[in-house]
Amino acid sequence: MRSRLFPITDDHIHFDPKNGRGVEAAKDFLHAGGTHMFLVSKPSWSFGIEPVSGDDYRKVFDETLRVAAAIRETGLVVFPILGVHPAEITRLSERMPLAAATRIMKEGLDCAAEYVRDGRAVALKSGRPHYEVAPEIFSASNEVLSHALELAAGCRCALQIHAESGPCADVVTMAEAAGMNPGRVIKHYGSPDTPLHPSLVARHEAVPLMAKERRPFTMESDFMDENSRPGAVTGPKSVPRITKKLFEAGEITEEDCYRIHGDTVEKVYGVKISL
């Protein structure tokens, strides 16, 4: 894909110079044909941070922006997404009351929204645990998610959510109650059955069929960039490589590629995708 016939956008990727390869891994994406990426902030514990207030998340956000700036030096277009990982509630509630954990996460999202409003980030990140939790934890997580939806609506930006497998259909009602367009709520590691916007892992078997049906979706690697888990979830080359493979096999067309990696991205996130 070095010829750059069309953009190649990774909708959810991480780069971590402290725990992984950082910019060198981003160069793998570039050399495989990648052009644009949504760089998503990592959990606080990735940086050894134990938040006691919402302001503590600024350290995570500032580091994400620093990494984004370094990656841009390679020629890639980087759109930062900032927020509070939903699994934070489990760690926080182990060392403080659940109400305090909930408050800190909401304050962290308030901070992230400041970065969106001043143009340093393009979208927010939130969700709820993707693993089984006690009912009170799930309820508190939905309170945090509702707050994130309200903030996204106020910022007029998209919201990526990390949540349990499946459609998460109830989030549509939550979004509407918050004044948020459900079509701008991105289900990270999504599936075709979600009424939200699905971001499919590049290797998802539904990609060719959804492209043929002209259904809106985006593609992601969910690359973690952690030396302890190399290649998790998939490598940084996966989105461009799989796009190229499907295109050359005739399973998706050039028009499909523009729609998946350009037009749909622009509509969902309100950004400009150009080569």
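Every read-out reported here was derived from the displayed coordinates using simple, explicitly stated rules and does not represent laboratory data. Given the structure is predicted, the values throughout are model-derived calculations rather than measurements. Virtual Cβ from ideal backbone geometry, glycine too; neighbours counted across all protein chains shown.
The single condition among (1) touching a Pro at 6+ places or on another chain (Cβ under 8 Å); (2) within 20 Å of T234 (Cβ to Cβ); (3) surrounded by fewer than 18 Cβ atoms within 10 Å (Cβ to Cβ); (4) free of Cβ contacts under 8 Å to residues at least 40 places away in the same chain that H130 does not satisfy is (4). Looking only at residues that are closer than 14 Å to H261 by Cβ and of a type in the set (F, W, Y) in the stretch 197-250, which one is surrounded by the most Cβ atoms within 10 Å (Cβ to Cβ)? Looking at the filtered set, the residue picked out is F217. Within 24 Å of L82 (Cβ to Cβ) and in a strand (DSSP E or B): does that describe L200? Judged against the criteria, L200 is a match. May I ask you to list the residues in the stretch 44-103 that are of a type in the set (A, V, I, L, M), free of Cβ contacts under 8 Å to residues at least 24 places away in the same chain and either over 25 Å from A140 (Cα atoms) or surrounded by 20 or more Cβ atoms within 10 Å (Cβ to Cβ) (or both)? Hits for the stretch 44-103 are V60, A69. Close Cβ contacts (under 9 Å, 6 or more residues apart or on different chains) running from residues in the stretch 242-254 that are in a helix (DSSP H, G or I) to residues that are loosely packed, with under 13 Cβ neighbours inside 10 Å comprise F247/E254.
Restricting P51, P17 to those that are closer than 28 Å to T218 by Cα and more than 18 Å from the chain's Cα centre (by Cα) reduces the list to P17. Go through the residues of the stretch 187-195 one by one and say whether even a single one is of a type in the set (G, A, S) and buried (at least 20 other Cβ atoms within 10 Å of the Cβ). Within the stretch 187-195 (the criterion being of a type in the set (G, A, S) and buried (at least 20 other Cβ atoms within 10 Å of the Cβ)), the answer is yes, since at least one residue qualifies.
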